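The values are calculated or read from the model by the stated rules, or taken from the named source; none is laboratory data. Keep in mind it's a predicted model, so treat the numbers as computed, not measured. All Cβ positions, glycine included, derive from the backbone under ideal geometry; neighbour counts span all protein chains shown.
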Amino acid sequence: MANKQALRELQSRLAERLQAARTQRRGQSWLAVECSGRGFLFPLREAGEIFAVAPVLPVPYSHNWFLGVANLRGHLHGVVDLAGFLGVANPGAGLDQGVREQPRLVGFNQTLELNCVLAVDRLLGLRSEDELTAQPALAGATPRFVGARLRDAAGRLWQELNLSALATDDAFLKIVG
């Protein structure tokens, strides 16, 4: 009899927690990465799987920032040097351990239907909106995939990159120069 009572109490607590989760406002959270010493934030709902660096086969006649294709878990993915694409580093630096401290490949969420990964220098964990303060936008025109500028408590500046907008950006999709 005690087991039935405990089970009912557990079900009741779970139902209450589910209801509370549905009604609570969910905060924004990001995957923090670093490229060429700059901090970037990918919306967590848009980021996909994170891979260790794998061998990359170059693609002839492509831009320097398009490093090539890699076989990741049995699927071919295009590999983009994020710093090179954004113009914040020397494009074509490759995935050399000497240049990048802890290189990783960050995929796009499967819902974006883009077999592509972004090569970053290193992962810096997760960030939530509670940890960050909005900063004024940069003057001038910016691509539509460039999101908010945010600053953390340590004073580090972060630039949000909207992966869903990047996945449809003409310059990003045109790998041939």
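What to note about this one:
- Any hit, region 62-69, residues being free of Cβ contacts under 8 Å to residues at least 24 places away in the same chain and surrounded by 12 or more Cβ atoms within 10 Å (Cβ to Cβ): yes
- Residue in region 101-108 that is under 27 Å from Arg127 (Cβ atoms), outside any helix (DSSP H, G or I), modelled with pLDDT of 95 or more and touching a helix residue (DSSP H, G or I) at 6+ places or on another chain (Cβ under 7 Å) present: yes
- For Leu114, the stated conditions do not hold, so it cannot be described as surrounded by fewer than 18 Cβ atoms within 10 Å (Cβ to Cβ) and touching a strand residue (DSSP E or B) at 6+ places or on another chain (Cβ under 9 Å).
- Any chance Thr133 is surrounded by fewer than 18 Cβ atoms within 10 Å (Cβ to Cβ), hydroxyl-bearing (Ser, Thr, Tyr) and over 24 Å from Phe108 (Cβ atoms): yes
- Condition broken by Leu138, with the remaining ones in (1) more than 23 Å from Gly78 (Cβ to Cβ); (2) assigned to a helix (DSSP H, G or I) satisfied: (2)
- Selection count where residues are among the aliphatic types (A, V, I, L, M) and either in contact with a helix residue (DSSP H, G or I) (Cβ under 9 Å, 6 or more places away or on another chain) or crowded, with 19+ Cβ neighbours inside 10 Å (or both), scope region 44-61: 2
- Output for region 36-94, where each listed residue is of a type in the set (Ser, Thr, Tyr) and under 27 Å from Gly155 (Cα atoms): Ser36
The rows are residues; the columns are (1) at pLDDT below 60; (2) out of contact with any Pro (no Cβ under 6 Å at 6 or more places or on another chain).
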| position | (1), (2) |
| --- | --- |
| Arg13 | no, yes |
| Ala21 | yes, yes |
| Gln28 | no, yes |
| Glu34 | no, yes |
| Phe51 | no, yes |
| Leu57 | no, yes |
| Ser62 | no, yes |
| Trp65 | no, no |
| Leu86 | no, yes |
